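Q: Sending over a structure as structure tokens; questions will come in a sec.
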DNA sequence: AATCCACAGGAAGTGCTGGGCG
DNA sequence: CGCCCAGCACTTCCTGTGGATT
């Protein structure tokens, strides 16, 4: 026992004082820095739109577009935080990520909780929760700024009636007011919206362009100065991270993640400098981990469908179609003794896999031979095998896949 | 030009879980 | 306790369709 304690102690000591990191937390994705380079214009414009709240009138609803990692969330949180500081208790903001909170009920429940109402996560009707939200808000007598991040998930998942509610909620309020800030990275999002919601939500629009490679370098340099000890980064490390991320739509989150993972790898290897090869390793790790984690978390039948696609892929079938997948899938299902789902469901599963980016599915017409989807894998075979491997319900199936 | 395949994908419903409320 | 709710994974039934072949 004491031996364990001694060994652990030594291990912890080695990590307690990092030779690379000074403040590692500054590179984590949810950290919002107090200065956001190359976003002055967006900060200013958002501030301009929201400022009326300080003099007691309701700000316009705002709609924010921009690809992932272009600073939408960071800028919004930053501006709102500053606004709250200035305004005192009469202005509050609620941040909701609609990817996690993806139904009307859950959104309204979270809003109700934000104004101090107790709400169970199930059991009540949506309208009841909405009523509680309104009474709670009226009691607080304040301006509520509702940030709906990744708002496209709401509409895609059939929860857009919240938007309708929220855009009209001010009619039902007397002492309080609500403004909505919608954030999305889907540029065609507005097209899917109900016309009334669209006009109300889009009172003001803000666009966040992707960062260029140069801008990403600036950001990384600034963060690195505070996050690392002086001189631990090899000179080309930052430009490389920036270049890789710039190729991915100028995604700043990816750039920071690359830098963080590269430094983690260097530290794990016991090196005192972060070098470009560590960045390359980080890049591979990020891509692979994303896919593997995703696959591991899938329900059984989704995994089976994916396994069926993998088998067809290995058999070098020229055109993989829905029908072919279903045949292969039913064979797999029989072998492990599970009831198959219908073809209709498999069709949906294929769409889900496509949305997740694991496969690429395209509707094509084969003329006389019908309409179907042409499916291709878009992650490596090895990642899929890795992701499917640990599922015990698949039994010895994966051994066959590995051959 | 008409036909017809092999599905796409919408609508509505089922059965189940995990929870209200009074 | 009985009856209500939401969410999920799925089914049943359905109408729609691009374009090679007849």
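Q: Compute a Gaussian network model of chain A, connecting alpha carbons closer than 10 Å, and tell me which residue from A:110, A:381, A:205 fluctuates the most.
A: A:381
Q: A follow-up question, please. Quick one: compute the contact order of the range A:40-208, relative version, from alpha carbon pairs under 8 angstrom and 6+ residues apart, as a percent.
A: Taking the mean separation of contacting Cα pairs over the length of the range A:40-208, I get 36 percent.
Q: Quick one: among A:22, A:284, A:315, which has the greatest mean-square fluctuation in a GNM of chain A with alpha-carbon springs under 10 angstrom?
A: A:315
Q: Let me ask another. Based on the Cβ-Cβ distance from residue A:199 to residue A:161, what FRET efficiency comes out when R0 is 25 Å, to the nearest 0.05?
A: The calculated FRET efficiency here is 0.90.
Q: So, one more: With no solvent and one point per C-alpha, what does the Debye sum give as log10 I(q)/I(0) for the range A:298-402 at q = 0.22 Å⁻¹?
A: Values returned for q = 0.22 Å⁻¹ are -1.26.
Q: Give me A:118, A:92, A:132, A:345 sorted ascending by neighbouring Cβ count inside 10 Å, so fewest comes first.
A: Placing the least packed residue first, the sequence is A:118, A:345, A:92, A:132.
Q: Could you work out Rg/(2.2 N^0.38 Å) for the range A:291-334, with Rg from alpha carbons only?
A: 1.15
Q: How high is the relative contact order of chain A, in percent, counting Cα pairs under 8 Å that sit 6 or more residues apart?
A: 17
Q: Calculate the spin-label point distance for residue A:345 paired with residue A:362, positioning each point 7 Å from the Cα along the beta-carbon direction, and give it in nanometres.
A: Here the modelled spin labels are 3.0 nm apart.
Q: Next up: Kindly state, to the nearest 0.05, the FRET efficiency for residue A:371 paired with residue A:318, given R0 = 30 Å and r defined as their beta-carbon distance.
A: 0.95
Q: Let's test this: bin the Cα-Cα distances of chain A at 20 Å from zero up to the farthest pair and state each bin's percent.
A: That works out to 22, 45, 32, 2, in percent per bin.
Q: At 0.36 nm per residue, minus the direct Cα-Cα distance, what do residue A:390 and residue A:100 gain on full extension? Give it in nm, one decimal, please.
A: Extra length available between residue A:390 and residue A:100 comes to 101.8 nm.
Q: Now, a different point. Under 1.5 on a/c is rounded, so check that first for the range A:40-208, then, if it is not, pick prolate when a/b is larger than b/c and oblate when it is not; a ≥ b ≥ c are the square roots of the alpha carbon gyration tensor eigenvalues.
A: oblate
Q: I need A:21, A:12 ordered by Cβ neighbour count within 10 Å, fewest first.
A: Fewest-to-most ranking of A:21, A:12: A:12, A:21.
Q: Where does each of A:225, A:352, A:217, A:25 land when they are ranked from fewest to most other beta-carbon atoms within 10 angstrom?
A: Final ranking by Cβ density, sparse to dense: A:25, A:225, A:352, A:217.
Q: For chain A, what does -39500 (n - 2.57) per DSSP helix run (n ≥ 4), summed and divided by total residues, give at 222 nm, in deg cm²/dmol to the nearest 500? All intermediate terms of the calculation are to be shown ahead of the outcome.
A: Values: 17 runs with 210 residues, N = 403.
Helix-only estimate at 222 nm: -16500 deg cm²/dmol.
Q: Under 10 Å, Cα contacts only: if you run a Gaussian network model on chain A, which one of A:17, A:146, A:91 comes out with the highest mean-square fluctuation?
A: Evaluated over chain A, the most mobile residue of the options is A:17.
Q: Same structure, new question: By how many nm would the segment from residue A:187 to residue A:41 grow when fully extended, if each residue of separation counts as 0.36 nm and the alpha-carbon distance is taken off?
A: Stretched out fully, the residue A:187 to residue A:41 stretch lengthens by 50.6 nm.
Q: Residue A:281 to residue A:168: extension gain in nm, 0.36 nm per residue of separation minus the Cα-Cα distance?
A: Residue separation times 0.36 nm, minus the Cα-Cα distance, leaves 35.6 nm.
Q: Then there is this: Rounded to the nearest 0.05, what FRET efficiency do residue A:28 and residue A:268 have when you use their Cβ-Cβ distance and R0 = 22 Å?
A: Computed FRET efficiency for residue A:28 and residue A:268 comes out at 0.80.
Each value in this text was obtained by applying a stated rule to the coordinates, not by laboratory testing. What you see is a predicted model, and the numbers here were worked out from it, not measured in a lab. Virtual Cβ from ideal backbone geometry, glycine too; neighbours counted across all protein chains shown.
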